[in-house]
Each structure stands twice: as structure tokens, then as C-alpha cells.
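Here's the structure, in C-alpha cells; my notes come after.
Values in this text are rule-based calculations from the coordinates and carry no lab data. Just so it is clear, the model here is predicted, and its values are computed rather than measured. Reconstructed Cβ throughout: ideal geometry from the backbone, glycine too, with neighbour counts over all protein chains shown.
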Amino acid sequence: MKVTLSYGKPSNKSWKVKGGDANTLFANLNKNGFWGRYRSNGSASWSGKGAKIDTVKLTAKPVVLMPSWTEYSKVKAGQKSWDKMWKALKKHEDNHHTIFDTSAKAFKKKLEAEGDLDPKDMKKVWETYQKDAQKLQDDYDKKSKHGKNEGVILDAW
């Protein structure tokens, strides 16, 4: 079976957050439900002759969404704290991409070793992969407390 992976590094996008002081900024970061976010936006397609799958393509358009503090240039006192938090958050979100990349490569290897699959079995294998890959992401967030254990905190100023 021929298996291809098609994706690159995540594109970077931002969302705006307001706050003229640490408490307001913190509260507004929390209103969103997340500070940063990673999405692989992965999908798979497969084809073959008859009942046998011979080609599988896993594609993704990964995105890292990061906060952009609208008052950054006006609040000098908070810049050091923001920069430290933002750097740790970016690393955390990039780690999510590494987890995706590792799991996608393992999925490819597993499929190549699997051999013959019919479309029904392939659908089950894909669904299992998606659940397992999401569990890896969730376990990472649980272990890191969504990055807090890695420095994703906003110090008061």
C-alpha cells in the first residue's frame, strides 16, 4: 500500500486580546476558553481497485492560533511578563504539532505494514487513528496543564 503524508509547518494566526492591566488581560485571555490553540485540520482519502485499498493520502493544513495583545505598546510594565508567557505558549502549541507529526508518521508506518484493507476496514482504521491522535493531544494538555507547567502563565506587574 502506498501511503503519503502531505502537510507542512503550521501557519500562524492570531486573535486580539485587550487589557490595560494584568487582571483585565488575564480575564480577557480566559474569556476565549483558550490562550493559544493548535489544529492539524487533518483528513485522509483512499482509493483502490475493487475491494482493496492501495493508496492512502493523509493531508493537513495545521494552524497555530496565538493571542495578540492590543495594548502591548502602551503598557511597558507588562511587556516582559507577556513576552515570557507568549514564548512559552508558542512552544507549547508547536509541541502539539510535533505530536501530530509523530502520530501521522506512525499511522503511515502502520498502514504500510498493514497490507490489504478494504474501504470499510480503512474507515475504521482512520477513525481509530483520529481518536488515538486526539488522546495524545489531550494527554499532553493534561500533563502540562495546558502549558502552565511549561511557563504559560501571566505574572502580575
Members of region 88-127 found to be among the β-branched types (Val, Ile, Thr) and either more than 17 Å from the chain's Cα centre (by Cα) or over 30 Å from residue 13 (Cα atoms) (or both), listed by number: 125
Looking at region 50-86, which of its residues are under 24 Å from the mean Cα position of the chain (by Cα) and without any contact (Cβ under 8 Å) to a residue 12 or more places away in the chain? 83
Looking at region 56-79, which of its residues are in contact with a Ser or Thr (Cβ under 6 Å, 6 or more places away or on another chain) and either surrounded by 13 or more Cβ atoms within 10 Å (Cβ to Cβ) or among the aromatic types (Phe, Trp, Tyr) (or both)? 57, 59, 60, 62, 63, 66
Filter region 35-44 down to residues that are surrounded by 16 or more Cβ atoms within 10 Å (Cβ to Cβ) and more than 23 Å from residue 116 (Cβ to Cβ) and give me whichever is farthest from the chain's Cα centre (by Cα). 35
Flagged in region 80-93 as surrounded by fewer than 17 Cβ atoms within 10 Å (Cβ to Cβ) and either of a type in the set (Lys, Arg) or under 23 Å from residue 130 (Cα atoms) (or both), in numbering order, are 80, 84, 87, 90, 91
Out of 6, 47, sole residue that is more than 24 Å from the chain's Cα centre (by Cα), farther than 24 Å from residue 141 by Cβ and without any contact (Cβ under 8 Å) to a residue 60 or more places away in the chain: 47
Give the residue that is surrounded by the fewest Cβ atoms within 10 Å (Cβ to Cβ), with candidates limited to residues of region 115-157 that are of a type in the set (Val, Ile, Thr) and farther than 30 Å from residue 52 by Cβ. 153
Please work out which residue is surrounded by the most Cβ atoms within 10 Å (Cβ to Cβ), limiting yourself to region 8-29 and to residues that are on the phi < 0 side of the Ramachandran plot, part of a loop (DSSP other than H, G, I, E, B) and out of contact with any His (no Cβ under 6 Å at 6 or more places or on another chain). 21
